[in-house]
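For reference, the structure discussed in these notes is given below.
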There are 2 protein chains.
Amino acid sequence: MENIFYNANHSPIGAYASFTLGFPGSSGGPGMERTGPADTNVYIGVERREGGSYESLPFFKGGEDEGKRYDVEKKDKEEQTGYFDKIQAVEITRDFRVCSDTWMAGDLTFTLYNQVESVPNPQESQTDGNEEQMKITILPAVIGELTIDNRGCKRTRRAFFGFDEVEARYGMRRFISSEMKGAGQGGAFAVFSNSPCNAAVGFCPECILSEDDRDNWEFNLGKTALLIFDVPADTKVTFPLAVCFYHGAQATYGIETKYYYTNYFSKIEEVAAFALEKFDVIKSRCLAANERFNRSDFTEEQRFMLWHAIKSYYNSSQFLINGDGEPVWVINEGEFRMMNTMDLTVDQLFFEMKMNPWTVKNELDFYLHHYSYEDQCGLTFCHDMGVANIFTREGKSSYEKCGLTDCFSYMSHEQLVNWLCCALVYIRQSGDLQWGEERKGIIIKCFESMLNRDHPVPEKRNGVMSIDSTKTKGGAEITTYDSLDVSLGQARNNIYLAGKCWAAYIGLEEYFAAGGEEKLAVQAAGQAAGCAETIADHLNENGYIPAVMDEDNDSRIIPAIEGLVFPYVLGRKDVLKEDGKYGRYIKALKKHFVTIMESGICLFEDGGWKLSSTSGNSWLSKIYLCEFVAAAILGFDREIYMKDADKAHVRWLTHPEHSYWCWSDQIVNGIISASKYYPRGVTSILWMEG
Amino acid sequence: MENIFYNANHSPIGAYASFTLGFPGSSGGPGMERTGPADTNVYIGVERREGGSYESLPFFKGGEDEGKRYDVEKKDKEEQTGYFDKIQAVEITRDFRVCSDTWMAGDLTFTLYNQVESVPNPQESQTDGNEEQMKITILPAVIGELTIDNRGCKRTRRAFFGFDEVEARYGMRRFISSEMKGAGQGGAFAVFSNSPCNAAVGFCPECILSEDDRDNWEFNLGKTALLIFDVPADTKVTFPLAVCFYHGAQATYGIETKYYYTNYFSKIEEVAAFALEKFDVIKSRCLAANERFNRSDFTEEQRFMLWHAIKSYYNSSQFLINGDGEPVWVINEGEFRMMNTMDLTVDQLFFEMKMNPWTVKNELDFYLHHYSYEDQCGLTFCHDMGVANIFTREGKSSYEKCGLTDCFSYMSHEQLVNWLCCALVYIRQSGDLQWGEERKGIIIKCFESMLNRDHPVPEKRNGVMSIDSTKTKGGAEITTYDSLDVSLGQARNNIYLAGKCWAAYIGLEEYFAAGGEEKLAVQAAGQAAGCAETIADHLNENGYIPAVMDEDNDSRIIPAIEGLVFPYVLGRKDVLKEDGKYGRYIKALKKHFVTIMESGICLFEDGGWKLSSTSGNSWLSKIYLCEFVAAAILGFDREIYMKDADKAHVRWLTHPEHSYWCWSDQIVNGIISASKYYPRGVTSILWMEG
């Protein structure tokens, strides 16, 4: 890795929170429900061996003297050069894993552990063991360890961990009890330890560390809170830590909910006590998950991106409970904060099916009951459920507007297909046939709606969407690729969306057949065949299929192959074979792929994948997905097509300036440009299928 | 007034909230529990008569196109010059009152009404009428009116009122019901009206107003929320408004409380419904209070400063209820946010005694039970109860540190005297003799503590503090004037503090006498006499008393006279007479005052009062208090001593740059420099005693 100072999320599961760390300066710390890092100073450091001065990891910037606000005629404080310094970058190494992140520098080692575990289904019958499992899993804390190697030193040395204020409303404070000490802000953010230590609040870390009298560590006007540890001479000591979050009040409006963890914890001190009590269990789970996700058949770049993406996903996860006691699973859309955006749900599907399939059902039913609507073609689904903790009114997303042909237009067809793909994968992979049966009427309605969006006159259908929703009021529907050009942004006649329609029809055929709906199964199969033929027919003499068919478009797009993922995860490898029923379609896509994967077409100069030949905006989540399709389904060699590309993709994410944004999706010419701090990169979980 | 564009608070009573407005640009809006204005854009405007474009009061700045975050390759939007403009300053007039603030420009008139009413004692027996009174008084809303004069215009014109996002966690939203519409953020801030209107959310006001289709007013990604009114042709219409605040969750930590208003309102919609239902009652109360505070015997400057200060005081007011159902009254310390700072409480005493005396008892008992301590001299009180919604542990302020001789040192003596002065005034003015009797033991302990701080050896006492608390651990105590130099900052031998000690002894003498404690009464009288003699003895040949006696200090300070206020409000005018028992002391102070009120000594070049000859830092709250003492007690002519000075004081508060900070206290050479956004200016209520 060329740059190890990139930000990463260290998040509890479902707490919509992160202790973000890694980018230099005042760029991280504890945050909750945010569009980006908390941008506060984090202090992790230790007294020098010779004593009397300190070094700290470089996650802070030198501040003003806060005391000047109170004493306006006071002179500027003297420069304390040498008293409290940043540890030099060259002295620092980092060991980054899916469930841990370790910084080493001289005598100091600091690790944060974030869990990656399945969330139990809260609606399954609860035994005591289940409750304990739930409580450990959704505990709104990440644990940590601060190790100081003081062997060979004849002095007691002081070490510290803490941060500056994050939000305005509440002051910094100490938590003091016989069992543990804590330092943090209000009731929302605090670090705790049950080792012997002190908690201190002051204007700055230098102010605290230079106090002659410990009574002055209780100076609550300060904006800095630290835990302070004394490391005895000639010892090596590891201090357990719990970085805790708590939001106990109403969490969302529109639909009123609270965090599910409030069932178990009534304040942050209880979170801390439990985190420290279960420290060893949690650490073991993290180490075990590190192993599970440490695939030896992956390149270093694949491992890094998978782990980084998973960490970011959990930052956006928000596990809620409504007034009727029902669980509500929300994945927020990174910096944009839209809630359960349907076109992200379908990409995160693979990860959620692996981790906790019940969340997929939860999202699907919530869409059905609250965020579906009908237009001239029939039933479909909203783009999202709301934004920034505000659920929108029933049947209305926060995003979609009428009268548009680009960003913020309706995604009626895209979301219909996405809901169907999620539903079909859920039924197939979870084995929840009861739900599949109960939703049959809805799934038939969805199918009919798809047919009508192809064409209301059956004879004129070609398997591809050609009707824009009346919701657009004369505008045109778009796809999830809302900020790309027409090549991926326009829904009508788009081969990206057509490929997903084909996949949905494939899934529907089997679903209807299994459910005894023979006639519908045949009809679905017919639509799949028509769709595949239509697309294959458009393979041109230059060896590619134009992104938008029959509309004078000549863009070349990688996501032509995206839809193939669904038959694969539905267990329908038969339809993916070159010598199978859809062989002509598959061969056309392979030809298309080979043709376009050329530098300047669908490869950037740095070797990274360029989703569209006509846009500089490329999305990593979709690159991961298409990498999987190309390698695992179409059989393209990772050595040739992905290996160097992934090196470029890692450079994008570890850019010395833009890696402030943790895992991010939209990359314009190598620069993180939008969809920052984003959950969608867990499409990389598909690589573990390979 | 040279500059009408100064910020002012428009605050509910006890909600620790303000709709701050008046300073140009993105400088106000709805805020809660803040160190300063909310710094958002506020939109108050109307379509031009010719139609198709808009003008808005200048309380916003043009923003970036927020849509670019979602569509990164989008071009910058075109300049919309002429479509949405600021109303020019020259066209605007302002009518500023204690309970109203009106902006007039062309066809537009906009008024905010904030109540100034007594809060009923929640611990007195409640009748239904009382409950209603309480509910109206502490309603967390200010009401408003938007009037558009569309007479003579043949078109329907659109008017609007709203604001941009204030805090990060929650999205902007619309509130739609059959009774009213609202536009705001999360569950905390919103403007409502029960007139026919629409609510809209969008990226910017131009974006909203230029939408062709009203369906697109439901675009919840936007950062702007507006109420939109249609004004029919040839009519003049006034739309009632309610600007509402709500914080329903736990409000403070350390000691857990909620806002008292949560007893009556469970969410912001309920606040709005009640505010609009009681609109006429509330407006009448505001107009009546405007009259009460519109004293014809005041100069324009006095009226302005009194009203401005009262508005700021209520911004800092926080009426809470603890877990046992007990009321907790907190005045936060402006930008510093310390809670019930004792040396502010004593200055705000006069206002609170006039408005709601029970709050003084509430503060005194809370100090006694939670924030008192003993040092080598006996009982005293903390500087404050905490900061930024965090109550500190019992017996410890957020502010005081050991080992210091200036800012942040202990104020053990200052706060002891302050508590006593508050208690004695409360007992005397409220007639709550029961409390006076119940607290006798405590008051005796306070008296003993004062004696010990004079000198532990009775024979060596001179009525003046000479012993620093052991809490300072070798440092020195300071006074409320913590950021001034030694002349007012040092407690020991300071004539400011000595003057307050004299006042406390005067009050104690009467309290003890009335309580049958003759011996203590005599002892208190002796201390008063000793104190007065000591101070008078230090009147030097140059006609002034040095600020610090017997310590080589030669500063001249106005607050030498400050303590005289207490005998006055205790009804002891006898001790304030030149021919009375303390005549020599009174005459010395008069001589001192006359001597120092010279330009370059205790007058700035602009004529404003300079509290200390050796500091450029002057505090308006104390100037007001000392103006009252000089005029009403010592008989100095307002025309000579205060009239021009007050013009300077008003210029300080309406400074074209620094008046951003609403009413503020610490002025360094004419510039608002600290203690910004501050409650203490209600010392000006004393002027109404005159």
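The values are calculated or read from the model by the stated rules, or taken from the named source; none is laboratory data. As the structure is a prediction and not an experimental result, all values here were calculated from the model. Note: ideal-geometry Cβ built from the backbone for every residue, glycine included; neighbour counts use all protein chains shown. What goes into the accessible areas is simple: the full protein's heavy atoms, side chains included, and nothing from ligands, DNA or RNA. Shrake-Rupley method; radii C 1.70, N 1.55, O 1.52, S 1.80 Å.
All of (1) over 21 Å from B:Gly616 (Cα atoms); (2) assigned to a helix (DSSP H, G or I); (3) open to solvent by less than 50 Å² (accessible area, probe 1.4 Å) hold for B:Arg584 with one exception: (3). From the set of residues in region B:301-325 that are farther than 20 Å from B:Phe19 by Cβ and touching a residue at least 40 places away in the same chain (Cβ under 8 Å), which is most open to solvent (accessible area, probe 1.4 Å)? So, considering only residues that are farther than 20 Å from B:Phe19 by Cβ and touching a residue at least 40 places away in the same chain (Cβ under 8 Å), the one most open to solvent (accessible area, probe 1.4 Å) is B:Gly323. From the list B:Asp213, B:Asp280, the lone residue that is over 30 Å from A:Cys407 (Cα atoms) and assigned by TED's automatic domain parsing to the domain that holds B:Cys197 is B:Asp280. When each of A:Asp347, A:Asp343, A:Asp384 is tested for being open to solvent by less than 10 Å² (accessible area, probe 1.4 Å), under 21 Å from A:Tyr568 (Cβ atoms) and within 14 Å of another protein chain (Cβ to nearest Cβ), the lone residue that passes is A:Asp343.
Scan region B:1-17 residue by residue and report those that are away from chain A (no Cβ under 14 Å) and in a strand (DSSP E or B). Within region B:1-17, just B:Ala8 meets the criteria.
How many residues are touching a Ser or Thr at 6+ places or on another chain (Cβ under 6 Å) and either within 17 Å of A:Arg48 (Cα to Cα) or within 12 Å of another protein chain (Cβ to nearest Cβ) (or both) if we restrict to region A:190-232?
6
If the condition is being over 19 Å from A:Thr40 (Cα atoms) and touching a residue at least 24 places away in the same chain (Cβ under 8 Å), then region A:210-227 contributes A:Ser210, A:Trp217, A:Glu218.
Being acidic (Asp, Glu) and open to solvent by 10 Å² or more (accessible area, probe 1.4 Å), is that true of even one residue in region A:30-38? First the steps, then the outcome.
Just the residues of region A:30-38 that are acidic (Asp, Glu), to begin with: A:33.
Checking which are open to solvent by 10 Å² or more (accessible area, probe 1.4 Å) leaves us with none.
Checking region A:30-38: not a single residue is acidic (Asp, Glu) and open to solvent by 10 Å² or more (accessible area, probe 1.4 Å).
Within region B:653-687, the residues that satisfy the criterion of being in a helix (DSSP H, G or I) and either outside the structural domain of B:Asp343 (by TED's automatic domain parsing) or buried (at least 22 other Cβ atoms within 10 Å of the Cβ) (or both) are B:Leu653, B:Ser659, B:Tyr660, B:Trp661, B:Arg680, B:Gly681, B:Val682, B:Thr683, B:Ser684, B:Ile685, B:Leu686, B:Trp687.
Scan region B:594-613 residue by residue and report those that are touching a helix residue (DSSP H, G or I) at 6+ places or on another chain (Cβ under 6 Å) and surrounded by fewer than 19 Cβ atoms within 10 Å (Cβ to Cβ). Across region B:594-613, the qualifying residues are B:Asp606, B:Gly607.
Give the residues of region A:7-26 that are over 17 Å from A:Met172 (Cβ atoms) and touching a Lys or Arg at 6+ places or on another chain (Cβ under 9 Å), sorted by residue number. Even if it seems obvious, please write down each step before you answer.
First pass over region A:7-26, keeping only residues over 17 Å from A:Met172 (Cβ atoms): A:7-18, A:20-25.
Those that are over 17 Å from A:Met172 (Cβ atoms) and touching a Lys or Arg at 6+ places or on another chain (Cβ under 9 Å): A:Ala8, A:Asn9, A:His10, A:Ser11, A:Tyr16, A:Ala17, A:Ser18, A:Thr20, A:Gly22, A:Pro24, A:Gly25.
Residues being in a helix (DSSP H, G or I) and in contact with a Gly (Cβ under 6 Å, 6 or more places away or on another chain) are entirely absent from region B:284-297.
Name the residue, out of A:Glu437, A:Glu459, that is farther than 18 Å from A:Tyr373 by Cα, without any contact (Cβ under 8 Å) to a residue 12 or more places away in the chain and in a helix (DSSP H, G or I).
On the way: A:Glu437 fails: without any contact (Cβ under 8 Å) to a residue 12 or more places away in the chain.
Exactly one of A:Glu437, A:Glu459 is farther than 18 Å from A:Tyr373 by Cα, without any contact (Cβ under 8 Å) to a residue 12 or more places away in the chain and in a helix (DSSP H, G or I), namely A:Glu459.
Using the structure shown, decide if A:Phe203 is buried (at least 22 other Cβ atoms within 10 Å of the Cβ) and under 28 Å from the mean Cα position of the chain (by Cα). Can you show your working first?
Numbers: buried (at least 22 other Cβ atoms within 10 Å of the Cβ): yes; under 28 Å from the mean Cα position of the chain (by Cα): no.
Taking the combined requirement at face value, the residue does not satisfy it.
In region B:238-260, the residue that is surrounded by the most Cβ atoms within 10 Å (Cβ to Cβ) out of those that are touching a Ser or Thr at 6+ places or on another chain (Cβ under 7 Å) and more than 14 Å from chain A (Cβ to nearest Cβ) is B:Leu241. Taking B:Thr359 as the residue in question, decide whether it is under 18 Å from the mean Cα position of the chain (by Cα), within 12 Å of another protein chain (Cβ to nearest Cβ) and of a type in the set (Ser, Thr, Tyr). Spelling it out, it is not the case that B:Thr359 is under 18 Å from the mean Cα position of the chain (by Cα), within 12 Å of another protein chain (Cβ to nearest Cβ) and of a type in the set (Ser, Thr, Tyr).
When we screen B:Asn121, B:Asn130 for residues that are in a loop (DSSP other than H, G, I, E, B) and either closer than 30 Å to B:Arg292 by Cα or within 14 Å of another protein chain (Cβ to nearest Cβ) (or both), the only hit is B:Asn121. Does A:Glu477 fit the bill of being in contact with an Asp or Glu (Cβ under 6 Å, 6 or more places away or on another chain) and either among the acidic types (Asp, Glu) or at positive phi (or both)? In short, yes.
Given the criteria of a type outside the set (A, V, I, L, M, F, W, C), at pLDDT 95 or above, over 13 Å from B:Thr470 (Cα atoms) and touching an Asp or Glu at 6+ places or on another chain (Cβ under 7 Å), does B:His413 qualify? Break it down stepwise before answering.
Values: of a type outside the set (A, V, I, L, M, F, W, C): yes; at pLDDT 95 or above: yes; over 13 Å from B:Thr470 (Cα atoms): no; touching an Asp or Glu at 6+ places or on another chain (Cβ under 7 Å): yes.
No.
With the structure loaded, tell me whether B:Ile136 is within 14 Å of another protein chain (Cβ to nearest Cβ) and either open to solvent by 60 Å² or more (accessible area, probe 1.4 Å) or touching a helix residue (DSSP H, G or I) at 6+ places or on another chain (Cβ under 9 Å) (or both) or whether it fails that test. So B:Ile136 fails the test. Scanning region B:546-581 for residues that are open to solvent by less than 10 Å² (accessible area, probe 1.4 Å), assigned to a loop (DSSP other than H, G, I, E, B) and either among the β-branched types (Val, Ile, Thr) or without any contact (Cβ under 8 Å) to a residue 60 or more places away in the chain (or both) yields no hits at all. Consider A:Lys396 carefully, then state whether it is at pLDDT 95 or above, open to solvent by 10 Å² or more (accessible area, probe 1.4 Å), over 19 Å from the mean Cα position of the chain (by Cα) and of a type outside the set (Phe, Trp, Tyr). Spelling it out, A:Lys396 is indeed at pLDDT 95 or above, open to solvent by 10 Å² or more (accessible area, probe 1.4 Å), over 19 Å from the mean Cα position of the chain (by Cα) and of a type outside the set (Phe, Trp, Tyr).
Hey, can you tell me all the residues within region B:601-639 that are outside any loop (DSSP other than H, G, I, E, B) and among the small types (Gly, Ala, Ser)? Write out each step before concluding.
Kept after step one, since they are outside any loop (DSSP other than H, G, I, E, B), are these residues of region B:601-639: B:603, B:609, B:612, B:617-633, B:638-639.
Scanning region B:601-639 gives B:Ser612, B:Ser618, B:Ser621, B:Ala630, B:Ala631, B:Ala632.
As a summary of the residue check, B:Ala273 satisfies the conditions (1) open to solvent by 10 Å² or more (accessible area, probe 1.4 Å); (2) of a type in the set (A, V, I, L, M); (3) within 14 Å of chain A (Cβ to nearest Cβ) except for the one numbered (3). If you filter region B:150-181 down to residues that are away from chain A (no Cβ under 12 Å) and under 29 Å from the mean Cα position of the chain (by Cα), you find that the one that is surrounded by the most Cβ atoms within 10 Å (Cβ to Cβ) is B:Phe163.
A:Ala528 fulfils the conditions (1) surrounded by 24 or more Cβ atoms within 10 Å (Cβ to Cβ); (2) under 30 Å from the mean Cα position of the chain (by Cα) except for a single criterion, (2).
When the residues of region B:261-270 are filtered to those that are touching a helix residue (DSSP H, G or I) at 6+ places or on another chain (Cβ under 9 Å) and assigned to a loop (DSSP other than H, G, I, E, B), which remaining residue is farthest from the other protein chains (Cβ to nearest Cβ)?
Here is the first cut: in region B:261-270, the ones touching a helix residue (DSSP H, G or I) at 6+ places or on another chain (Cβ under 9 Å) are B:261, B:263-265.
In the following step, the residues that additionally are assigned to a loop (DSSP other than H, G, I, E, B) were identified as B:264-265.
Working: B:Tyr264: 18, B:Phe265: 14 Å.
Residue satisfying both the conditions and the ranking: B:Tyr264.
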